[in-house]
Amino acid sequence: MAFLKPKQAPVPQVDFERLPRHVAIIMDGNGRWAKKRGLPRTAGHAAGAETFRTIATYCKDIGLEYLTVYAFSTENWKRPAEEVSAIMGLLKKYLLEAIGRMERDRVKMKFFGDLTPLPRELRELCERTEEIAKHYDGVQVNICLNYGGRDEIIRACKAFAAACAAGETAPGFLDEAAFGQYLFSAGVPDPDLIIRPSGEVRISNFLLWQSAYAEFYFTDVLWPDFSKDELHRALAAYQSRSRRFGGV
Ligand code: IPE
Ligand code: IPE
Ligand code: MG
């Protein structure tokens, strides 16, 4: 069956000298992409993984410093077991390939989220990937895996309380910068631009603390169809905004 492509807006010019430092993406719409084609949802996840490869490589090519992607949320465990295990399988496949290519690709990978409930093999692969990535620079790609913004904030509170109990710090020393050091994103600047494809206009528990002053870009394009052109649209929209951070 042929699919009619929706009319696309022209691709605007992007000023590559004024890129955001940090772009974050909620990679959504894989299931609907598959459904439209009469395919199982897992085929949508496989297509989404391809898109991620393309976009991550392109972000490195244009010199972006940080890319953070939402791959699996703390809420996504509610999905059927077969779908969850297919997603875990795709992540494993991706990481096995990525480890081999890290030196050539100069992509520094990190994981945000609690990796303990993941299948052991995948968890070990994540840890190995992070260990190897320490030796490389280039774009830093943060993969949010079993990640929830609320979970991250609770964990940070517990870690800070534990540090207080151990006499390492005290409540009076807590400020925004100090709190940030207890988050998965410690050391990473806040996202400048958050992109959500798939037509949903919500945050779905993504980077709740870090998104305080992020610019948002929503598009109806489903993640497997997301392209460099769509990224250009998002970047151009970002560049057209006036960021005031509460000032004038
Ligand atoms: C995003 O695509 C991938 C994950 C959440 C793991 P979805 O699977 O949510 O796709 P839709 O929203 O059902 O189309
Ligand atoms: C957000 O997408 C999570 C990821 C993309 C990993 P969801 O599909 O889980 O979000 P909701 O359920 O539409 O809010
Ligand atoms: Mg979804």
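A few remarks follow.
- Violating pairs (Cα-Cα greater than 24 angstrom) within the set LYS60/LYS110; LYS134/LYS228; LYS108/LYS228; LYS36/LYS228; LYS35/LYS110: LYS134/LYS228; LYS35/LYS110
- Gyration tensor verdict on the range 205-248 (Cα atoms; rounded if a/c is under 1.5, prolate if a/b is larger than b/c, oblate otherwise): oblate
- Taking a span of 27 Å or more along the helix axis (Cα atoms) and a mean Kyte-Doolittle hydropathy of at least -0.5 as the rule, the DSSP H helices of the chain that qualify are 41-62, 81-105.
- Considering only the chain, percent of DSSP beta bridges that pair antiparallel, nearest 5: 0 percent
- Within the range 28-134, trypsin sites (Lys or Arg not before Pro) in DSSP loop having at most 11 other beta-carbon neighbours inside 10 Å: LYS134
- For the chain, built as a Gaussian network whose Cα springs stay under 10 Å, the top-fluctuating residue of PHE160, PHE206, PHE112: PHE160
- Within the range 174-208: backbone nitrogen closer than 20 Å to the ALA159 label point (7 Å, Cα to C-beta): 174-191, 205-208
- Choice from VAL141, VAL11, VAL69 with maximal GNM fluctuation in the chain (Cα, 10 Å cutoff): VAL11
- Span from the the range 59-130 Cα centroid across to the the range 153-199 one, whole angstrom: 22 Å
- Note: the chain, Cα convex hull, 148 Å³ per residue.
- Overall form of the range 181-220 per C-alpha gyration tensor (a/c, 1.5; a/b vs b/c): prolate
- Comparing ALA98, ALA46, ALA163 in a Gaussian network model of the chain, where Cα atoms under 10 Å apart are tied by springs, the biggest mean-square fluctuation is seen for ALA163.
- Rounded to the nearest 500, the helix-only mean residue ellipticity at 222 nm of the chain stands at -13500 deg cm²/dmol, with each DSSP H run of n ≥ 4 adding -39,500 (n - 2.57).
No lab work stands behind these numbers, since they all come straight from the coordinates. These numbers were taken from a predicted model, which means no experiment stands behind them. Ideal geometry is used to build each Cβ from the backbone, glycine not excepted, and the neighbour counts take in all protein chains shown.
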